[in-house]
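Notes follow the structure.
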Amino acid sequence: MLNTLPTPILLDIAILFTALAWGLGAFLVDKKVYAFASLAIGCFVCLFGYSVESLGAPPWAVIAAPIPLDFMLLWYVLRKWRKMLVAYVAIWAIYIVFHVLLSKFLHFDSLIPAWRLHS
């Protein structure tokens, strides 16, 4: 359903859900709303992942490549290792739930490109 949309729109959807996952994860840990930071991180992470994928990297590299960027940006926002680690686990859990729900109901597999749940 959504996978038939043009690539720029698919990328925008991925950015929005990535930003939402980051915002919710940071809020769970720090009890502060990081709206701009979450949107900026969503943009950076998705564009970097899209760039790696467009270079023809293997699926594992598309997921692994943004991880150092994730931690650098998370450090910039939270500045405490314990908060960062708890937030990162929460962010991934939320992100996976988004991926599963969007894939199941809207046939959108672009949040985690290497883990396609819909044919």
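Points to keep in mind about this one:
- Here the range 1-33 is the region considered, the condition is being aromatic (Phe, Trp, Tyr) and either surrounded by 19 or more Cβ atoms within 10 Å (Cβ to Cβ) or in contact with a Pro (Cβ under 9 Å, 6 or more places away or on another chain) (or both), and the residue that is nearest to residue 109 (Cα to Cα) is 17.
- Residue satisfying all of: in the range 68-99; β-branched (Val, Ile, Thr) and open to solvent by 60 Å² or more (accessible area, probe 1.4 Å); farthest from the chain's Cα centre (by Cα) among these: 86
Quick grid of which residues meet (1) of a type in the set (D, E, K, R); (2) at pLDDT 90 or above; (3) part of a loop (DSSP other than H, G, I, E, B):
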position: 60; (1), (2), (3): no, no, no
position: 63; (1), (2), (3): no, no, no
position: 84; (1), (2), (3): no, yes, no
position: 87; (1), (2), (3): no, yes, no
position: 91; (1), (2), (3): no, yes, no
position: 95; (1), (2), (3): no, yes, no
position: 105; (1), (2), (3): no, no, no
position: 108; (1), (2), (3): no, no, yes
position: 115; (1), (2), (3): no, no, yes
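The values are calculated or read from the model by the stated rules, or taken from the named source; none is laboratory data. Because the structure is a prediction, the values reported are computed rather than measured. All Cβ positions, even for glycine, are placed from backbone atoms using ideal geometry, and neighbour counts span all protein chains on display. Calculation scope for accessible area: heavy atoms of the full protein, side chains included, ligands and nucleic acids excluded. Shrake-Rupley method; radii C 1.70, N 1.55, O 1.52, S 1.80 Å.
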